[in-house]
Amino acid sequence: QGTRDHAPAQAALRDRLLSAVVSCFKRHGAAAIDTPVLELREMLVGKYGEGSKLIYELQDQGGELLALRYDLTVPFARYLAMNKITNMKRYHVAKVYRRDKPATTRGRYREFYQCDFDIAGQFDPMIPDAECLKIVHEILSDLQLGDFVIKVNDRRILNGVFAVCGVPESKFIPACSTVDKMDKMPWEEVRSEMVGEKGLSPEAADRIGEYVQLHGGLDLIERLLQDPKLSQNKLAKEGLGDMKLLFEYLSLFGITGKISFDLSLARGLDYYTGVIFEAVLLQQDNEHVEEPVSVGSVAGGGRYDGLVGMFDPKGRKVPCVGVSIGIERIFSILEQRLEASGEKLRTTETQVLVATPQKHLLAARLKLISELWDAGIKAEMLYKKDPKLLKQLQYCEDTGIPLAAIVGEQELADGVVKLRDVATRQEVRM
């Protein structure tokens with residue numbers, strides 16, 4: 001089916017992960033918004049390139065054609081247009097749906113969470129784009145997932161490359177979706193798909209190959225700005241100028257060490273108009289290997305300046321840039337690590353278990369636990385009238401509850417509670 005249930009330990013891990021991501025989004029001043037799971041089919045179709053065939057389509061009883069949301073970006077653009085909003089910084093954490101072929105070992109599902117951060121509005125070039133990259137860097141560093149690289153490119157540079165290599169404009173998007181496969185396929189296979197399936201000439205494909213296999217930093221941007229063919233192309237020149245500016249801002253943020261300007265990055269979605277980026281985890285198999293092995297993309301995003309205008313009756317454009325954190329991939333990696341380490345994960349945040357050592361003390365437990373709840377303390381008790389004390393303490397150990405508040409006959413007579421540290425077995429009366 002490609003969907004999954006979560007055991008309590010998995011749910012706790014996911015919760016921890018999501019709260020780390022959300023706290024980063026909030027730190028950057030984003031407000032939370034929500035959009036419906038169901039959208040009109042026409043809102044989604046034609047926005048995702050080859051991904052459109054993976055949209056879950058539905059028909060309601062009234063004959064209206066609906067679809068489950070495929071991502072959180074297109075609904076956000078629709079939301080901005082409908083509400084005539086021209087300026088917003090938002091985050092959205094919710095489930096999306098794709099009629100995909102599941103690959104559960106790689107964290108690929110038909111129903112999964114996306115965590116999006118977007119900045120909408122007319123601002124000076126590359127400042128919001130740099131912040132999106134900074135957010136990716138912060139989250140991946142905070143989660144301590146190991147070494148990673150954030151690949152950056154620009155759709156305008158890619159389109160410029162296609163133009164100077166002799167690709168007709170009608171074939172830019174198909175060529176783009178093929179270049180996007182370069183992280184999964186060797187160049188020879190990508191080239192044969194371009195020629196065989198996408199109808200590009202072998203000469204054009206070879207010329208594209210000279211560009212899309214390049215990656216580097218500011219030095220590569222400078223080199224391409226001097227390239228006799230590319231520098232004559234208006235789109236590519238604009239894109240390279242902005243890329244240079246972006247790298248200046250990223251160096252002020254101190255993160256260029258993890259950024260790679262990579263001409264093979266294309267991102268298959270149709271709606272990107274400018275900067276695009278993707279974060280990839282690197283796996284060092286052993287210290288003798290010079291090039292680390294890629295584990296796959298864990299975040300991606302880019303600039304989509306034309307999307308809101310598609311939903312606005314008057315075609316008013318709202319420039320936007322955003323990033324999506326691939327929480328399922330990250331979750332799969334952390335889950336495997338947790339299993340390998342044998343570490344037990346707390347499935348509850350309970351701080352204290354209210355316990356009684358003798359019979360007929362249920363009333364005392366209920367009164368005390370009510371006081372704790374009212375004071376905002378996370379507390380539990382066993383749902384038995386007269387549980388054995390050993391069983392209550394064993395429950396604390398099994399679930400990782402650190403404290404037990406014990407009220408026996410003596411404690412009631414003295415007007416105290418015995419507080420026991422479950423791990424050290426130390427007790428204090430208070």
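Potential lengthening of the chain between residue 57 and residue 425 amounts to 126.7 nm, from the contour at 0.36 nm per residue minus the alpha-carbon distance. A 1.4 Å probe run over region 91-209, with the rest of the protein chains in place, finds 42 Å² accessible per residue. For region 384-397, 3J(HN,Hα) computed residue by residue from phi via the Karplus equation (6.51, -1.76, 1.60; θ = phi - 60°) reads 10, 5, 10, x, 6, 4, 4, 5, 5, 5, 5, 4, 4, 5 Hz, glycine and proline entered as x.
Under the shape rule built on the C-alpha gyration tensor, where the axes satisfy a ≥ b ≥ c, region 136-293 is oblate, since a/c reaches at least 1.5 while a/b does not exceed b/c.
Just the protein heavy atoms count here, and of the accessible area of the chain at 1.4 Å, carbon and sulfur take up 51 percent. Most tightly packed first, judged by the mean number of other beta-carbon atoms within 10 Å of their residues, the peptides 329-337, 67-75 read 67-75, 329-337.
Across 203, 380, 39, mean-square fluctuation computed from a Gaussian network of the chain (C-alpha pairs under 10 Å connected) peaks at 380.
Centre-to-centre separation between the Cα atoms of region 128-150 and those of region 362-376: 44 Å.
Heavy-atom accessible surface of region 305-430, averaged per residue, reaches 59 Å², computed with a 1.4 Å probe.
When the dipole is taken about the Cα centre of region 1-95, and only Lys, Arg (+1) and Asp, Glu (-1) are charged at their Cβ, what size is it in debye, to the nearest 20? Here region 1-95 has a charge dipole of around 560 debye.
In whole percents, the pair-distance distribution calculated for the chain from its alpha-carbon pairs, binned every 20 Å from zero, is 22, 46, 22, 9, 1. Which shape class applies to region 1-86: rounded if a/c is under 1.5, otherwise prolate when a/b exceeds b/c and oblate if not, where a ≥ b ≥ c are the square roots of the Cα gyration tensor eigenvalues? Oblate, because a/c is 1.5 or more while a/b does not exceed b/c.
Heavy-atom accessible surface of residue 82, to the nearest 10 Å², is about 130 Å², with a 1.4 Å probe and all protein chains retained. Subtracting the Cα-Cα distance of residue 7 and residue 225 from 0.36 nm times their residue separation leaves 73.1 nm of extension gain. The 3J(HN,Hα) values that the Karplus relation (6.51, -1.76, 1.60; θ = phi - 60°) gives for region 26-39 are, in residue order, 5, 4, 8, x, 7, 9, 7, 10, 9, 10, x, 5, 8, 10 Hz. Gly and Pro appear as x. Around the Cα centre of the chain, unit charges on the Cβ atoms of Lys, Arg, Asp and Glu (plus for the first two, minus for the last two) sum to a dipole of about 1160 debye. Beta-bridge orientation, region 352-429: approximately 55 percent antiparallel, per DSSP, counting only bridges with both partners inside.
Just name one of 383, 394, 428: the one whose Cα is farthest towards the positive end of the charge dipole of region 309-430 (beta-carbon charges, Lys/Arg +1, Asp/Glu -1). It is 383. Spin-label model, residue 101 to residue 189: label points 7 Å out along the Cα-to-beta-carbon direction sit 1.2 nm apart. Ordered by solvent-accessible area of protein heavy atoms (1.4 Å probe), largest first, the residues 200, 403 come out as 403, 200. Counting only protein chain heavy atoms and rolling a 1.4 Å probe, the accessible areas of 305, 5, 262 rank, largest first, as 5, 305, 262.
Normalising the average separation of contacting C-alpha pairs (under 8 angstrom, six or more residues apart) by the number of residues puts the relative contact order of region 352-429 at 33 percent. From its DSSP helices (H runs of at least four residues, each -39,500 (n - 2.57)), the chain gives a residue-normalised ellipticity at 222 nm of -11500 deg cm²/dmol.
Each of the peptides 191-198, 27-34 was scored by the mean count of other Cβ atoms within 10 Å over its residues; in descending order, highest first, they stand as 191-198, 27-34. Is the shape of region 304-430 rounded, prolate or oblate, going by the alpha carbon gyration tensor and its root eigenvalues a ≥ b ≥ c, with a/c under 1.5 for rounded and a/b larger than b/c for prolate? Prolate. Under the criterion of Cα pairs below 8 Å and six or more residues apart, the relative contact order for the chain equals 17 percent. Summarising the label geometry, the points placed 7 Å from Cα in the beta-carbon direction at residue 213 and residue 383 lie 6.5 nm from one another.
The values are calculated or read from the model by the stated rules, or taken from the named source; none is laboratory data. What you see is a predicted model, and the numbers here were worked out from it, not measured in a lab. Cβ atoms come from the backbone with ideal geometry, glycine included; neighbour counts cover every protein chain shown. Side chains included, ligands, DNA and RNA excluded: accessible areas come from the protein's heavy atoms. Shrake-Rupley method; radii C 1.70, N 1.55, O 1.52, S 1.80 Å.
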